[in-house]
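No lab work stands behind these numbers, since they all come straight from the coordinates. Nothing here was measured: the structure is a model prediction, and the numbers come from that model. Counting neighbours? That spans all protein chains shown, and the Cβs are built from the backbone with ideal geometry, glycine included.
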Amino acid sequence: MLHSLLFSADGDPMLCSRYVKTYKYCLERNAGAPVMPNFFSGSRGLAGLARRSVTILRILTGQINLTQGIGSANTSLAFFGGCLYALDESDLPYTMHVDPATGDISTVGRCDFKGRLVRAMTAHPKKDPVTEELFAFSYRPMPPFLTYFRFDPSGNKSGDVPIFSVKQASLMHDFAITENYVLFNDIQVVMKPMEILLGNGLPFGYDASKVPRLGVLPRYAVNESEIRWFEIPGFNVFHSINAWEEEGANGEKYLVLVAPVMLSVEHSLEQVELLHTCVQMVRINLDTGVVSRKPLSVGNLDLGVIHPSYMGRRNRYAYLAIGNPWPQVSGVAMLDYLVLERPVSILGRPGPMLWGGPFHSGTARSTSVLVANC
Ligand SMILES: [Fe+2]
């Protein structure tokens, strides 16, 4: 569901809440019950076998048309090329419209960008604040496991850049950009689609034998010939906060990435309450290949945002949700990358709160947090 808040000079603010009318939403609204398979809920035992059988029957009889998508368009929003999109990484973007006169929200439709986007797209694309280009990728359980692409400022999609050096399908939920590069996280959470068919639960799993890697590709690359992979043990990242380029005292080139790292990644799927995410800064010397890293927080922080005008450029502050434990969120923290001895300022008062629930600030009830200029 999307919400809009319209402010006018001569009246009270107007709140509008509308469902994104995805294929899944319309199908289940008409059926009066959930019918689309939820690949993240797992499917074990006889109950799972029964659900899989019903789903297969619905597909074979045409009750479910998988070519229309399976997503909920409920992860994030992106505004680029003059359009607003609701995003879910398991589907194509849905174009949305907000009436500037009334604030009313309507679903325009599922968008394949003139036929050029043929597979689901990340829900965390990155918009360059200077060029207004949008950078994005797709991941899937069959080769090429990772595909990179971008959009020009008018919203025209580029050609695909398949990344065949990714040899195993990983859960690639997010990535990062700098002025000249895109950075991909190849982590230890891998895709196991056969588990669904075999009835063993989630289509994702933890691969203890894999070493996490960070892939660095020039952002205007037309193929993967220039990609470089840097192994970073334990660097399991779902979300990135920001990345940028730096030059050392002797002219050496560095890439810097700030991201929450899952310190107990083996719990990330089925026991998320045991997951602890600590923000770290990684520095890669592009001349020598040496990678260094340091923690920026001890708190259980994730879902970070920055001021969008600093995307891909050096910044100092980020704002993150405090897991208490995940998926419960007890407040919002401001993180100052430079003040390591006191890295977190608690803006919200810790307390029980679920996703989407009320948020109590330190002195007054609040339902939103404004990101200050940084
Ligand atoms: Fe996310």
Worksheet item: Among Pro308, Ser165, Gly82, whose Cα lies farthest out toward the positive end of the dipole of the chain, if unit charges sit on the beta carbon of Lys, Arg (+1) and Asp, Glu (-1)?
Response: Ser165
Worksheet entry | Length released on extending from Leu15 to Arg52, taking residue separation times 0.36 nm less the Cα-Cα span | 9.3 nm
Worksheet item: So what are the three principal axis dimensions of the range 237-329 from its Cα atoms, in whole Å, longest to shortest?
Response: 45, 28, 19
Worksheet, complete the sentence: Relative to the compact-globule estimate 2.2 N^0.38 Å (N residues), the Cα gyration radius of the chain stands at a ratio of 1.01
Discussion item. Can you compute the helix-only [θ] at 222 nm over the chain? Use -39500 (n - 2.57) per DSSP H run of at least 4 residues, normalise by all residues, nearest 500 deg cm²/dmol.
Written reply: -2500 deg cm²/dmol
Item to complete: Please say if the range 152-233 is rounded, prolate or oblate, where rounded means a/c under 1.5 for a ≥ b ≥ c the square roots of the C-alpha gyration tensor eigenvalues, and otherwise the choice is prolate for a/b larger than b/c and oblate otherwise?
Response: prolate
Worksheet item: In percent, what relative contact order does the chain have, based on Cα pairs under 8 Å that are 6 or more apart in sequence?
Response: 9 percent
Item to complete: Please find, in a Gaussian network model of the chain (springs between Cα atoms separated by less than 10 Å), the residue of Cys26, Cys111, Cys278 whose mean-square fluctuation is greatest.
Response: Cys26
Worksheet item: What does the charge dipole of the chain about its Cα centre add up to, to the nearest 20 debye, if the Cβ of each Lys and Arg holds +1 and the Cβ of each Asp and Glu holds -1?
Response: 760 debye
Response to the item:
About its Cα centre, the range 53-174 carries a charge dipole, from +1 on Lys and Arg Cβ atoms and -1 on Asp and Glu Cβ atoms, whose size in debye to the nearest 20 is 480 debye
Item to complete: Give me the lysines in straight-line cross-link reach of Lys167: C-alpha distance below 26 Å, same-chain residues under 8 apart excluded.
Response: Lys126, Lys157, Lys192, Lys210
Worksheet item: Between Arg140 and Ser8, what length comes free when the chain is fully extended (0.36 nm per residue of separation minus the Cα-Cα distance, one decimal in nm)?
Response: 43.1 nm
Worksheet item: If the chain between Glu252 and Arg29 were fully stretched, how many nm would it gain, using 0.36 nm times the residue separation less the Cα-Cα distance?
Response: 74.5 nm
Worksheet, complete the sentence: Listed by chain and number, the residues whose amide H is under 5 Å from that of Ala176, excluding neighbours fewer than 5 places away on the same chain and using placed H, are Leu183
Discussion item. Past 32 Å, Cα to Cα: identify those pairs from Lys114/Lys253; Lys127/Lys253; Lys114/Lys294, in the order given.
Written reply: Lys114/Lys253; Lys114/Lys294
